[in-house]
Amino acid sequence: MTHALDDAQLVVPLGSGCRLGSHRVLEPKGALPQAAWKLDNTPRAYANEILCDVETLNVDSASFKQIAEACGGDALAIAAQILATVNERGKQHNAVTGSGGMFVGRVAEIGPALASRDDVAVGDRIASLVSLTLTPLRIEAVDTVDVATGQVRVCGQAILFESGIYARLPDDLPTDVALAVLDVAGAPAQVRRLAKAGQTVCVIGADGKSGVLACAQARDRVGREGCVVGIVPHAGTPAAELLLERGYVDRLVVADARNALAVLAALPEALPALADLVVNCVNVSGTELASILCCKDDGTVYFFSMATSFTAAALGAEGVGKDVTMIVGNGYAKGHAGVALQTLRDHPAIEEYFVARYGARPPRES
Ligand SMILES: NC(=O)c1ccc[n+]([C@@H]2O[C@H](COP(=O)([O-])OP(=O)(O)OC[C@H]3O[C@@H](n4cnc5c(N)ncnc54)[C@H](OP(=O)(O)O)[C@@H]3O)[C@@H](O)[C@H]2O)c1
């Protein structure tokens with residue numbers, strides 16, 4: 001007598017993969033997922049993986065700006081480009097900028113080897129805190145693209161490896177606001193570590209997401225005896241006004257940070273003694289030298305921007321004879337998600353700004 005097997009019985013459970021995800025690398029063999037060209041994005045969890053249903057991608061700003069410019073700002077074309085990348089590479093890894101972003105989704109399955117984790121359960125809505133450049137991702141459809149914020153609503157699935165980090169979404173903030181803040185959580189957390197009482201801090205790209213959060217942390221750390229200076233490309237943006245009116249910056253300099261000579265010319269008035277700490281939060285390339293010129297000898301330049309070039313920074317500092325410490329903007333710092341979200345809770349005016357900018361805008365149809 002024969003028994004027909006139903007589909008569920010035919011599915012063999014997957015064993016454990018590499019905790020760093022190397023078992024998902026298709027090309028080139030031997031690479032880790034971030035460095036790989038192509039990942040296996042099959043939406044089935046290995047025993048030590050978490051499978052999520054993805055709702056929204058927050059494409060990182062340098063990447064989104066590049067895609068948007070290449071697509072002439074057209075939401076449909078941006079959606080097609082994102083789909084093409086994910087179909088080709090099994091992940092949202094922009095080949096031009098090399099950067100990714102992160103996602104918000106709902107936990108669909110937790111592999112048995114991770115069942116003892118007490119910080120996540122099936123059904124939780126979480127934000128990934130590892131880059132989309134190493135996250136296996138499958139997209140069935142792009143629903144909407146918000147060209148103004150880089151947030152992309154999708155229907156898809158993603159895999160988090162055993163080593164992957166994530167945060168449960170907070171109850172007290174709109175999801176899109178939490179996503180915007182968590183995407184850049186490394187910046188406020190690092191500024192909190194690096195800035196000291198009485199110092200001068202210069203934030204370049206001060207009116208962007210990471211820039212505003214960095215200014216708030218810098219203000220808290222340096223105190224009123226210290227000084228916070230922002231550099232922005234345009235005057236009068238809502239974020240620039242917020243920074244000035246609420247005293248998060250003492251001065252705001254309007255300058256194109258790609259133009260090192262223009263920044264140099266502004267320094268005697270803007271930063272007479274130069275900065276102890278420079279934080280680069282821009283989303284365009286070619287701003288390394290201006291950042292270095294703003295920093296005093298023995299100071300620190302923290303390059304959070306994904307558009308930073310190691311060679312431009314290293315050779316630029318050497319070329320202008322600056323002995324400065326330059327830090328690569330690690331997206332991860334211990335407790336960074338908590339620090340970033342707390343920055344909003346501690347500063348209601350900043351929370352209000354983020355809610356107006358990222359939380360209340362209906363996304364444009366793609
Ligand atoms: N290190 C990491 O792990 C990590 C994680 C996430 C993101 N990032 C990167 O961090 C950077 C900032 O991200 P974000 O989300 O904060 O970006 P954002 O919100 O788009 O802010 C970027 C800011 O840079 C300003 N800017 C652009 N061109 C400029 C110029 N020529 N001179 C001076 N300022 C200029 C923009 O001004 P306008 O808006 O007026 O153009 C904007 O205020 C991006 O490069 C992003 O990819 C890094």
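Once the chain from S163 to A265 is taken as fully extended at 0.36 nm per residue, the excess over their C-alpha distance is 32.1 nm.
Given +1 on the Cβ of Lys and Arg, -1 on the Cβ of Asp and Glu, and no further charges, what dipole in debye does the chain carry about its Cα centre, rounded to the nearest 20?
Around 500 debye, computed over the chain.
Along the axis of the charge dipole computed for the stretch 5-106 (Cβ charges of +1 for Lys and Arg, -1 for Asp and Glu, origin at the Cα centre), the listed residues A36, L14, G101 are led at the positive end by A36. Each of the peptides 215-221, 254-260 was scored by the mean count of other Cβ atoms within 10 Å over its residues; in descending order, highest first, they stand as 215-221, 254-260. Start at zero, step by 10 Å, and the Cα-Cα distances of the stretch 1-133 spread as 11, 35, 32, 15, 5, 1, 0 percent across the bins.
Can you classify the stretch 226-275 as rounded, prolate or oblate using the Cα gyration tensor, where a ≥ b ≥ c are the square roots of its eigenvalues, rounded means a/c under 1.5, and otherwise it's prolate if a/b beats b/c and oblate if not? Note, shape of the stretch 226-275 comes out oblate.
If packing is taken as the average count of other Cβ atoms within 10 Å, what order do 201-214, 111-124, 59-72, 326-339 fall into, highest mean first?
The peptides rank, most packed first, as 201-214, 59-72, 326-339, 111-124.
Remind me, relative contact order of the stretch 130-249 in percent, using alpha carbon pairs under 8 angstrom and six or more residues apart? Don't skip to the end; give the middle numbers.
Details: 150 pairs, mean separation 21.2, N = 120.
That works out to 18 percent.
Here's the picture: charge each Lys and Arg Cβ at +1 and each Asp and Glu Cβ at -1 in the chain, and of G247, L76, A290 the one pushed furthest to the positive end of that dipole is A290.
Rounded if a/c is under 1.5, else prolate if a/b is larger than b/c, else oblate: which is the chain, with a ≥ b ≥ c the root eigenvalues of its Cα gyration tensor?
Note, shape of the chain comes out prolate.
Between amide H atoms placed 1.01 Å from N, distances below 5 Å from C295 occur with A275, all of them 5 or more places distant or on a separate chain.
The HN-Hα couplings worked out from phi for the stretch 228-233 by the Karplus form 6.51 cos²θ - 1.76 cosθ + 1.60 (θ = phi - 60°) are 10, 10, x, 10, 10, x Hz, whole numbers, x standing for Gly and Pro.
Given just the C-alpha atoms of the stretch 226-366, how large is their convex hull per residue in cubic angstrom?
Here the figure is 148 Å³ per residue.
With contributions of -39500 (n - 2.57) from each DSSP H run of at least four residues, the per-residue ellipticity at 222 nm computed over the chain stands at -9000 deg cm²/dmol. A simple packing score, the average count of other Cβ atoms within 10 Å per residue, orders the peptides 98-107, 184-193 as 184-193, 98-107, with the highest score first. When S128, S309 are arranged by Cβ crowding within 10 Å, least crowded first, meaning fewest neighbours, the order is S309, S128.
Using only side-chain charges placed at the Cβ, +1 for Lys and Arg and -1 for Asp and Glu, the dipole size of the stretch 211-301 relative to its Cα centre rounds to 140 debye. Taking amide H atoms as placed 1.01 Å from N in the peptide plane, the amide H of Y302 lies under 5 Å from those of V278, V279, N280, I327, each 5 or more residues away in sequence or on another chain. When the Cα positions of L315, H347, H336 are compared along the charge dipole of the stretch 204-353, H336 comes out farthest toward the positive end, with charges on each C-beta of Lys, Arg, Asp and Glu. Take the Cα radius of gyration of the stretch 156-212 and divide it by 2.2 N^0.38 Å, N being the number of residues; the result is 1.46. Rounded to the nearest 5, what % of the DSSP beta bridges within the chain are antiparallel ones? Here the share of antiparallel DSSP bridges comes out near 60 percent.
Laboratory data are not the source of any read-out in this text; all were calculated from the coordinates shown. Just so we're clear, the structure is a prediction, and the values are computed from it rather than from any experiment. So basically every Cβ, Gly included, is an ideal-geometry build from the backbone, and we count neighbours across all protein chains shown.
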